[in-house]
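The values are calculated or read from the model by the stated rules, or taken from the named source; none is laboratory data. Predicted model only: the values in this text are computed from it and were never measured. Backbone-built Cβ (ideal geometry, glycine too); neighbour counts: all protein chains shown. With ligands, DNA and RNA removed, areas are computed over all heavy atoms of the protein, side chains included. Shrake-Rupley method; radii C 1.70, N 1.55, O 1.52, S 1.80 Å.
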Amino acid sequence: MRKLIFFGLISLLFSCGPTLRPTGVVYEDYSISGTLPRDSMLVKMMQPYRDSVASQMEEVIGRVGDRLLKQQPDCGLGNFMADAMRQMGSIKYGVSIDLAFVNYGGIRLNELTPGPITRGKVFELMPFDNILLIQRVDGKTLKSFFDLIASRNGWPVSGGSFVIREGRAVDIMIGGKPFDESATYVVANSDFVINGGDNVVMFKPLPVQNNGYLMRDAIMDHVRGLTAKGQAIQSPETRVSYAQ
């Protein structure tokens, strides 16, 4: 595969004073392929950084017990991520979170296979620096969100379950109890979703709690917590299904 990179050549105006100012920028394209000789000087310069990053990414932080898949309507891989958000979010924000959701399109691996899981694998799963945010959401707004994700064949969820019938969410359960549209729930989502990403607009007007905690860190902390208990990542129970 051929790729192009740009090298900028900056011409500098030298004067008698100590200040240097660029007088122009010139770009030139270079084609790169596997047939080109290695630049030994560049490799040597980058090697320490490459070694440092590789050693961090290769750290084994836990173990996957079951094969977890990205699929709809029920997503075992995404439900595991949502569990991490709900559990770690409750700890980091000091409040019991009723529900956590994961944007289905934001899951960047199709599966986790049984075996060791590294820090780098979590980066592959969640490469974005999305922040875990929480909101207090009234039942009417929450129902409109459930219906939206039902119309998209379901998103991963933790703390609840629902059935998709004719593109709408029915038989919604939260915390083991039937959904109460007159109640208010504490909900965790990514900043991407809360800020209107993927056309999710109903959460934008609501107040947000933000302590800067990354979703990716929540996943890694959750896995490390399981490891400390001697537990592997297991496939969660089914939470989203189509009506029969």
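Roughly how many nanometres apart are two label points built 7 Å out from the Cα toward the Cβ at Asp171 and Asp39?
Each label point is offset 7 Å from its Cα along the Cβ direction, giving 6.0 nm.
Quote the FRET efficiency, to the nearest 0.05, computed for Asn199 versus Met46 with a Förster distance R0 of 41 Å and r equal to the Cβ-Cβ distance. Write down the numbers at each step before the final one.
Numbers: r = 41 Å, r/R0 = 0.99.
For R0 = 41 Å, the calculated efficiency reads 0.50.
Quick one: what are the phi-derived ³J(HN,Hα) couplings along segment 61-76, Karplus 6.51/-1.76/1.60 with θ = phi - 60°, whole Hz, x for glycine and proline?
Working through the residues one at a time gives 10, x, 9, 9, x, 10, 6, 10, 10, 8, 7, 10, x, 9, 10, x Hz.
At 222 nm, what value in deg cm²/dmol follows for the chain if DSSP H runs of at least 4 each add -39500 (n - 2.57) and the sum is divided by all its residues, to the nearest 500? Write out the running numbers ahead of the final one.
Working: 6 runs with 74 residues, N = 244.
Value at 222 nm, helices only: -9500 deg cm²/dmol.
Figure the gain on full extension for Leu109 and Gln209 (residue separation times 0.36 nm, minus the Cα-Cα span) and round it to one decimal in nm.
Result: 33.2 nm gained on full extension.
Enumerate lysine pairs in segment 112-244 that are 8 or more residues apart or on different chains, then count those whose Cα atoms are under 18 Å apart.
On the way: Lys140/Lys177; Lys140/Lys204; Lys143/Lys177; Lys143/Lys204.
Value for segment 112-244: 4.
Go through 162-172, 41-51 and give me the packing order, highest mean Cβ count within 10 Å leading. If you can, show how the numbers build up before the last one.
On the way: 162-172: 16.6, 41-51: 9.5.
Averaged packing, sorted descending, gives the order 162-172, 41-51.
Counting only protein heavy atoms, what percent of the accessible surface of segment 147-196 is carbon or sulfur at a 1.4 Å probe?
Details: 1010 of 2170 Å².
The value for segment 147-196 is 47 percent carbon and sulfur by accessible area.
Where nothing but the Cβ of Lys and Arg (+1) and of Asp and Glu (-1) is charged, how large is the charge dipole of the chain around its Cα centre, in debye to the nearest 20?
Numbers: 26 positive and 24 negative charges, 53 e Å.
That gives the chain a dipole magnitude of about 260 debye.
Over the chain, what relative contact order in percent results from Cα pairs under 8 Å that are six or more residues apart?
Details: 440 pairs, mean separation 61.1, N = 244.
Dividing the mean separation by the residue count of the chain yields 25 percent.
For a quick check: with amide H placed at 1.01 Å from N, whose amide H comes under 5 Å from Arg67's, ignoring anything fewer than 5 positions away on the same chain?
Residues meeting the criterion, in which the H sits 1.01 Å from N, do not exist here.
Taking H as built 1.01 Å from N, whose amide H comes closer than 5 Å to the amide H of Tyr242, not counting residues under 5 places away?
The answer is Ile164.
Using a probe radius of 1.4 Å on heavy atoms only, what accessible surface per residue do you get for the chain? Whole Å² is fine.
Values: 14000 Å² over 244 residues.
Per-residue value: 57 Å².
Can you list the lysines whose alpha carbon sits under 23 Å from that of Lys44, skipping same-chain ones fewer than 8 residues off?
Lys3
Kindly identify segment 190-244 as rounded, prolate or oblate by the Cα gyration tensor criterion: order the square roots of the eigenvalues as a ≥ b ≥ c, call it rounded if a/c is under 1.5, otherwise compare a/b with b/c, prolate if a/b is larger, else oblate. Each step should come with its number before you reach the end.
Values: a/c = 3.50, a/b = 1.32, b/c = 2.66.
Oblate.
Only Cα pairs under 8 Å and at least 6 apart count here; give the relative contact order of segment 151-212 as a rounded whole percent. It would help to have the intermediate numbers written out before the result.
Details: 44 pairs, mean separation 10.0, N = 62.
Dividing the mean separation by the residue count of segment 151-212 yields 16 percent.
Got a sec? What order do Thr238, Thr118 fall in by accessible area at 1.4 Å, biggest, i.e. largest, first?
Numbers: Thr238 105, Thr118 40 Å².
Ranked from most to least accessible, the order is Thr238, Thr118.
Would you mind classifying segment 14-111 by shape? Square roots of the alpha carbon gyration tensor eigenvalues, ordered a ≥ b ≥ c; an a/c under 1.5 is rounded, otherwise it is prolate if a/b is larger than b/c and oblate if not. Could the numbers behind the result be given before it?
Working: a/c = 2.57, a/b = 1.96, b/c = 1.31.
It is prolate, given that a/c is not under 1.5 and a/b is the larger ratio.
Work out the length of the dipole vector of segment 138-244 about its Cα centre, built from +1 on the beta-carbon of each Lys and Arg and -1 on the beta-carbon of each Asp and Glu, and round it to the nearest 20 debye.
Dipole size: approximately 120 debye.
Between Ser241 and Glu181, what length in nm is gained on full extension when 0.36 nm per residue of separation is reduced by their alpha carbon distance?
Numbers: separation 60, 0.36 × 60 = 21.60 nm, distance 2.09 nm.
Extra length from Ser241 to Glu181 when fully extended: 19.5 nm.
Only sites in a loop by DSSP and with at most 14 other Cβ atoms within 10 Å count here; which chymotrypsin sites (Phe, Trp or Tyr not before Pro) in segment 169-199 make the cut? Before the final figure, lay out the partial values.
Working: sites: Phe179, Tyr185, Phe192; in loops: Phe179.
Here no chymotrypsin sites (Phe, Trp or Tyr not before Pro) fit, given the DSSP loop and packing criteria.
Tell me the relative contact order for segment 70-153 as a rounded percent, counting alpha carbon contacts under 8 Å between residues six or more apart.
On the way: 42 pairs, mean separation 23.7, N = 84.
28 percent.
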